[in-house]
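One structure below.
Rule-based calculations on the coordinates, nothing more; no lab input. Predicted model, so just to flag it, every value in this text is computed and none were measured. When we count neighbours, we look across all protein chains shown, and the Cβ atoms used for this are built from the backbone with ideal geometry, even at glycine.
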Amino acid sequence: MSGGVQSSVPQPSSSSSPVKPASTSCRKKNSGNTSFVTQLRDHFHEFVHASMDEHRTCLTNTVKKLYAMSKAAAERTAGAKEAGAESVLPLESEVSR
């Protein structure tokens with residue numbers, strides 16, 4: 001029975017566009033002259049057809065960027081407090097009747 005059994009996993013065809021390596025950006029750069037709907041459609045198409053490695057790399061890079069941004073914000077806040085600058089404005093609310 002080994003002659004007629006085929007794998008259920010689709011094999012990439014040689015006629016399709018080249019597969020992006022997993023180290024590329026999560027989203028391709030958009031040209032400025034495309035419509036919102038076209039950009040949305042392209043982004044959805046990229047997401048659906050991305051490999052698991054591409055999704056994993058994108059998620060890892062996004063988490064690293066968020067961590068770096070939060071760390072930089074915490075350092076700025078700590079630096080502002082050390083310098084004696086007020087980094088938070090007092091809350092002022094007034095109730096009118």
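Got a sec? How would 46, 54 order by Cβ neighbour count within 10 Å, fewest to most?
Exposure proxy ranking, most exposed first: 46, 54.
At a Cα cut-off below 28 Å, give the lysines reachable from residue 81, other chains included and same-chain residues fewer than 8 away excluded.
64, 65, 71
Roughly what % of Cα-Cα distances in the stretch 36-82 sit above 13 Å, to the whole percent?
Counting every Cα pair in the stretch 36-82, those more than 13 Å apart make up 69 percent.
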